[in-house]
Amino acid sequence: MLGLTQLLPTGNIISLFIIGGFLALLAFYIWIARGHLSRPVLTTQPFGLPDVLGAGILALWMISMVSRGFDSPQQITFGTIIANSVLYGTLILGIFGVIGFQKQSAVAIFSLQPSRFPEAAATGLLWLLVSYPLILACQAAVQQCFGSADDSQLIVRYFLEHHDLRHRGAVILMAVIVAPVAEEVIFRGYFYGVIRRYGGRIPAILTSSLLFAAIHVHLPSLPGLILLATILCLLYERSGSLWAPITMHAAFNASTIVVLILWPEIA
């Protein structure tokens, strides 16, 4: 009988080991996650029908933007980075406005009180350290599936192609501060919270994570982004404060920036 090494080329064997290792690691983390889901800290938040309407309109708008993004070529410039930062700020103000219209406090709903920050931030950093092996394994498995072509996100290419402080500073500000705060408020705080309130945790995790991954409009990153979003949802469940996923998200992006600066060839 022929052995596996005789039936498959060496490259395919390596790919099978990498993908198989990722699946085994994923199964182990799922087993751990089941325990965390059984002991949530996050309480059901008082989102009302205006929030359902607001989240629905925002989701439909994002889906339309995603569909147009895949149909037309994307381009990153200094102006688009600034425009996206302004757009994120506007969306946060809109969410806070809808919540405030119902005489609720967004700070209280998302547990963003300054006193919650130290403990929640420490939890977010710990979760990043624990989950990093799974994220790296997912990236390696995706790389094996998509091959060695340049499939990095446009923002990564933009950072590597511009070495001046003005452009790199804009990317760092967007990646480490603006995007983590805005995306966690929008996807984990609002989308996840509203869907969880009326549909349950599992539909909320799936829907908010898929939408989070889709708005990046980058197919090779889709599995990794869905995985990251799922971890951030579970972190929000276990910490009860949006400071935790904000910190983890910011630290994850910051680690990517450090890699791009010190080892650009990896990208």
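Is it the case that V130 is over 15 Å from G224 (Cβ atoms), touching a residue at least 40 places away in the same chain (Cβ under 8 Å) and within 18 Å of the chain's Cα centre (by Cα)? In short, no. Scanning the stretch 132-163 for residues that are surrounded by 15 or more Cβ atoms within 10 Å (Cβ to Cβ) and outside any helix (DSSP H, G or I), we see that the one that is modelled with the highest pLDDT is H162.
Listed by position, the helices (runs of 4 or more DSSP H) contained in the stretch 170-267 that have at least 1 residues being within 13 Å of the chain's Cα centre (by Cα) are 179-183, 201-214, 222-239, 243-262. A count restricted to the stretch 44-69 and to residues that are touching a residue at least 60 places away in the same chain (Cβ under 8 Å) and surrounded by fewer than 12 Cβ atoms within 10 Å (Cβ to Cβ) stands at 1.
Go over the candidates A267, A244, A254, A229 one by one and state the one that is aliphatic (A, V, I, L, M), at pLDDT 95 or above, in contact with a helix residue (DSSP H, G or I) (Cβ under 7 Å, 6 or more places away or on another chain) and surrounded by fewer than 20 Cβ atoms within 10 Å (Cβ to Cβ). A254 is the lone residue from the list that is aliphatic (A, V, I, L, M), at pLDDT 95 or above, in contact with a helix residue (DSSP H, G or I) (Cβ under 7 Å, 6 or more places away or on another chain) and surrounded by fewer than 20 Cβ atoms within 10 Å (Cβ to Cβ).
Screening the stretch 185-204 for residues that are buried (at least 21 other Cβ atoms within 10 Å of the Cβ) and among the aliphatic types (A, V, I, L, M) and picking the one that is farthest from I99 (Cα to Cα) gives A204. For the stretch 64-86, a tally of residues being touching a helix residue (DSSP H, G or I) at 6+ places or on another chain (Cβ under 8 Å) and among the acidic types (D, E) returns 0.
Among the residues examined, L234 qualifies as crowded, with 19+ Cβ neighbours inside 10 Å, of a type in the set (A, V, I, L, M) and within 19 Å of T43 (Cα to Cα).
Restricting attention to the stretch 170-181, does a residue exist that is at pLDDT 95 or above, crowded, with 24+ Cβ neighbours inside 10 Å and closer than 26 Å to E119 by Cα? No; the residues of the stretch 170-181 include none that is at pLDDT 95 or above, crowded, with 24+ Cβ neighbours inside 10 Å and closer than 26 Å to E119 by Cα.
The values are calculated or read from the model by the stated rules, or taken from the named source; none is laboratory data. Small disclaimer: the values here were computed from a predicted structure and weren't measured. Please note: Cβ atoms are built from the backbone with ideal geometry, for glycine as well, and neighbour counts cover all protein chains shown.
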